[in-house]
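Okay, so here's the structure we're looking at.
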Amino acid sequence: MSYLQDEITEQPASLRRLLTEGAPIVRRIVDAIRNFDPGFVMLVARGSSDNAARYGQYLLGIQARLPVALATPSIHTLYDTSPRLNKALVLGISQSGHSEDIRRVLTDARAQGALTVSMTNDVGSPMAHEAEYHLPLFAGPELSVAATKSYTAQLTALAMLVAGLVDRAELHDMLNRLPAWMDQTLRLSEPIAAWAERYRYMVQFASIGRGYNYCTAFEISLKIKELCYITGTEYSEADFLHGPIAMIQPGFPVIAIAPEGKGQPVMKDLLARLHERKAECLVVSNTPELLGEAHKPMPIPALPEVLSPIVAVVPGQLLAMNLAIAQGHAIDTPLGLRKVTITT
């Protein structure tokens, strides 16, 4: 078994560990956020962590009603300046915590008096030391280059922070059920290994989501690109209709993330339009009707939309891994990539 397969299957235990060991740390950070009372939130990340930040935009905006922006680290490094961040909660998200440009945003923000929080899987990393508060991911060592368990831990850590801020009992209860939902997702995803080879000669694809699962479209696309070296494009359903749908030809593979929730009706309409254009639709959903319309269904458990991205990405992780195996690629060490990518 590869490191990657191990790490994908470790996700229920990883989330359980984070929910238990991270809880007291989250409470301290939540108290600090309440005392600071930020005017807005700035999320700073790269790669898979940037996709986690996209989830944070929706989560903090919808649940905590905070305005949220994604940082542009190049402003701080290449252009040696900084926006006014003194009223912001600045949250740096990274697996390794070693990316210099993300650290620089935290440094500049803290110097201005912003509240800074880092979220990494390495308590000894530069980012962990730079921020005023650090939330470890408790994912354990992640040896495969492609991020899997650290990504779902990041989403869960963000959900824990928001659950603490809004302090609603139902959200806390939902979080406690996450490890079981993750375990169920892994079982539901077992058939993917048998049919992934169908897409062995795929040369392009699109990945589409909406709302909370906008981030899932990006992360699934990234995993396939990293592991299979295939050109993919990722979109919000709304953006996809503003032109890119024109590229859909018969047989074009489209991964649609459409779990039950506010975003599902527009995704259902999109699937109807994709069928009209004879696209090949791979559907991640927990609704029998939508799964029944898929060329390849990728079911997930019934769970609230707010937490669905944490499990909806898993069928995509497994599709990317099994497709890479079918293509004969080294799934733990993709060509040209390293586990720690340092950008400046």
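The values are calculated or read from the model by the stated rules, or taken from the named source; none is laboratory data. Just so we're clear, the structure is a prediction, and the values are computed from it rather than from any experiment. Every residue, glycine among them, receives a Cβ derived from its backbone with ideal geometry; neighbour counts consider all protein chains shown.
Data for the structure
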read-out	value
Failed criterion for residue 276 (all others in (1) loosely packed, with under 14 Cβ neighbours inside 10 Å; (2) under 17 Å from residue 309 (Cα atoms) hold)	(2)
Matching residues, segment 237-262, being acidic (Asp, Glu) and outside any helix (DSSP H, G or I)	260
Members of segment 1-49 that are within 21 Å of the chain's Cα centre (by Cα), of a type in the set (D, E, K, R) and assigned to a loop (DSSP other than H, G, I, E, B)	10, 46
Only one of 189, 125, 207 that is in contact with an Asp or Glu (Cβ under 8 Å, 6 or more places away or on another chain) and among the polar types (S, T, N, Q)	207
Residue that is within 30 Å of residue 68 (Cα to Cα) and either buried (at least 18 other Cβ atoms within 10 Å of the Cβ) or under 19 Å from the mean Cα position of the chain (by Cα) (or both), where the choices are 254, 266	254
Neighbours by Cβ (under 9 Å, 6+ apart or cross-chain): first from segment 16-37, farther than 14 Å from residue 175 by Cα; second loosely packed, with under 12 Cβ neighbours inside 10 Å	30/167
Lone unmet requirement of (1) of a type in the set (Ser, Thr, Tyr); (2) at pLDDT 95 or above; (3) over 17 Å from residue 47 (Cα atoms); (4) not in a helix (DSSP H, G or I) for residue 201	(2)
Yes/no for residue 234 being outside any helix (DSSP H, G or I) and acidic (Asp, Glu)	yes
Some residue of segment 78-97 being out of contact with any Cys (no Cβ under 7 Å at 6 or more places or on another chain), part of a helix (DSSP H, G or I) and either crowded, with 21+ Cβ neighbours inside 10 Å or of a type in the set (Val, Ile, Thr) (or both)	no
Output for segment 3-28, where each listed residue is crowded, with 23+ Cβ neighbours inside 10 Å and either in contact with a Leu (Cβ under 6 Å, 6 or more places away or on another chain) or of a type in the set (Lys, Arg) (or both)	15
Candidate set from segment 50-76 (those that are aliphatic (A, V, I, L, M) and not in a helix (DSSP H, G or I)); member that is nearest to residue 111 (Cα to Cα)	71
Condition met for residue 309 (in a helix (DSSP H, G or I), crowded, with 22+ Cβ neighbours inside 10 Å and out of contact with any Phe, Trp or Tyr (no Cβ under 8 Å at 6 or more places or on another chain))	no
Which numbered condition residue 165 misses (of (1) closer than 24 Å to residue 334 by Cβ; (2) out of contact with any strand residue (DSSP E or B) (no Cβ under 7 Å at 6 or more places or on another chain); (3) of a type outside the set (Asp, Glu))	(1)
Any hit, segment 288-297, residues being under 21 Å from the mean Cα position of the chain (by Cα) and in a strand (DSSP E or B)	yes
Residues of segment 295-306 satisfying the condition of being in contact with a helix residue (DSSP H, G or I) (Cβ under 8 Å, 6 or more places away or on another chain), surrounded by fewer than 23 Cβ atoms within 10 Å (Cβ to Cβ) and closer than 21 Å to residue 253 by Cα	296, 297, 299
